[in-house]
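One structure is given here, and the rest of the page talks about it.
What follows is calculated from the coordinates using simple rules that are stated; it is not laboratory data. Quantities reported herein were computed from a predicted structural model and do not represent experimental measurements. Don't worry about glycine lacking a Cβ; one is built from the backbone with ideal geometry, like all the others, and counts go over all protein chains shown.
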Amino acid sequence: MQEDAGFLDRPDGERLAWRRVAGSGPTFVWLGGFRSDMAGSKAQALAEWAAATGRAYVRFDYFGHGESSGAFERGTITRWREDALAVLDALTEGPLVLVGSSMGGWISCLAAVVRADRIAGLVLIAPAADFTSALMAPEMTAADRQALEATGVWLRPSDYGDPYPISRSLLEDGARWTILPGPVPVTAPVRILQGGADPDVPWPHALALAQALASEDLVFSLIKDGDHRLSRPQDLARLIAAAEELARG
């Protein structure tokens, strides 16, 4: 698979790692999840699909993620939104289909609102809109809140490895970018893939986003036995099918 790679320099000296498959438009852009990276199975499956079908595709790592520079603990929704917009502006041309997973679903919506004239569609996988206030904050115990107040960091337990350091600035900044209950002024076609057995983003939360989006061409697919990652072969096939549909316009 022929894929270019490089780094996008940011004004503050940080660097965003990216990979790109040349091809015809619209350009598909992968926006990953919280603490994930562009080497994951869904991002890789899309890269292989793009190379095999001649589609343009870009994937990247946010500040503090994967191959990009920066300390994860310093990341905020503001920063990661800016990263996404910088990638769209510097590395793509013409129409775009944003493919956002988990947090990337939220970032995709935020980016689509301000680059509306370029958005040809969204594919959202377990979209975690407003997750800092709607999904994380309610989990916190009194002891967690005391630790956050004392140290500025909450070590949130994770099913995927070591606890995640959640900063007070991330939680406070996330509140600036809430989009629910809407309306969310995205009118391009939207395809949402959501696991019915997702412990991190309950399906009613993803459905609330579907109802908030202004798009009239929106399909919400509930995969009853699907988890949060939706990375099984059958899940990847659904992702590629959604991409194929939006590629045809």
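Specify, per residue and in Å³, the volume enclosed by the convex hull of the alpha carbon atoms belonging to the stretch 60-127.
Working: hull volume 5.4 nm³, N = 68.
Normalising the Cα hull of the stretch 60-127 by residue number yields 79 Å³.
Let's test the formula: R0 of 35 Å, r as the Cβ-Cβ distance of Ala71 and Gln211. What FRET efficiency results, to the nearest 0.05?
Numbers: r = 36 Å, r/R0 = 1.04.
With a Förster radius of 35 Å, E is 0.45.
For the stretch 1-58, which semi-axes, largest first and in whole Å, follow from the square roots of 5 times the eigenvalues of its Cα gyration tensor? Write out the running numbers ahead of the final one.
Details: eigenvalues 88, 39, 17 Å².
Taking √(5λ) for each eigenvalue gives 21, 14, 9 Å, largest first.
Hey, what's the per residue convex hull volume over the C-alpha atoms of the stretch 51-97, in cubic angstrom? Mind showing how you got there, number by number?
Working: hull volume 4.3 nm³, N = 47.
It comes to 91 Å³ per residue, whole-number rounded.
How large is the dipole of the stretch 72-128 about the Cα centre if only Lys and Arg carry +1 and Asp and Glu carry -1, each at its Cβ, rounded to the nearest 20 debye?
On the way: 5 positive and 6 negative charges, 25 e Å.
The dipole magnitude comes to about 120 debye.
With just the Cα atoms of the stretch 24-86, tell me how far they stretch along each of the three principal axes, in Å, largest first.
Between the extreme Cα coordinates on each principal axis of the stretch 24-86 lie 38, 21, 15 Å.
Can you list which of the DSSP-assigned H helices in the chain have a Cα extent of 24 Å or more along the long axis and an average Kyte-Doolittle score of at least -0.5?
Working: long enough: none.
Membrane-span-like by this criterion, though nothing is claimed about a membrane: none.
Which of the peptides 173-180, 30-37, 201-208, 74-81 is most tightly packed, and how do the rest follow, judged by the mean count of other Cβ atoms within 10 Å per residue?
Working: 173-180: 16.2, 30-37: 23.6, 201-208: 17.8, 74-81: 19.6.
Highest-to-lowest ranking by the protection proxy: 30-37, 74-81, 201-208, 173-180.
If a/c stays under 1.5 just call it rounded; otherwise compare a/b with b/c (prolate if a/b is bigger, oblate if not). Do that for the stretch 61-194, with a ≥ b ≥ c from the square roots of the Cα gyration tensor eigenvalues.
Details: a/c = 2.17, a/b = 1.70, b/c = 1.28.
Verdict is prolate for the stretch 61-194.
Tell me the label-point distance for the pair Arg115, Asp9, using the 7 Å Cα-to-Cβ offset, in nm and rounded to one decimal.
2.1
Binning every alpha carbon pair distance of the chain at 5 Å from zero, what are the percents per bin?
1, 6, 14, 19, 20, 18, 12, 6, 2, 1, 0
Consider just the alpha-carbon atoms of the stretch 149-249 and return their Rg together with their Dmax, both in angstrom.
Final numbers for Rg and Dmax: 16.5, 53 Å.
Using alpha carbons only, how many angstrom separate the centre of the stretch 173-237 from the centre of the stretch 6-43?
Here the answer is 21 Å between Cα centres.
Would you mind checking the stretch 102-135 for residues with the amide N under 17 Å from a putative spin-label position 7 Å along Cα→C-beta of Arg232?
126
If you take every DSSP beta bridge fully contained in the chain, what fraction is antiparallel? Give it as a percent rounded to 5. Could the numbers behind the result be given before it?
Values: 15 of 41 bridges.
DSSP beta bridges in the chain are roughly 35 percent antiparallel.
Beyond 27 Å, what share of the Cα-Cα pairs of the stretch 1-131 remains, rounded to the nearest whole percent?
Values: 727 of 8515 pairs.
Above the 27 Å cut-off, the stretch 1-131 has 9 percent of its Cα pairs.
Given labels modelled 7 Å from the Cα in the Cβ direction, how far is it in nm from Tyr160 to Leu222?
2.4
Return the inverse of the average 1/r over all pairs of distinct C-alpha atoms in the stretch 202-249, which is the Kirkwood hydrodynamic radius, in Å to one decimal. Kindly include the intermediate steps, with their values, before the conclusion.
Numbers: mean 1/r = 0.0822 Å⁻¹.
Computed over the stretch 202-249, the radius equals 12.2 Å.
Can you tell me the FRET efficiency between Thr187 and Ala134 if r is taken as the Cβ-Cβ distance and R0 is 22 Å, rounded to the nearest 0.05?
Details: r = 24 Å, r/R0 = 1.08.
That pair, Thr187 with Ala134, gives E of 0.40.
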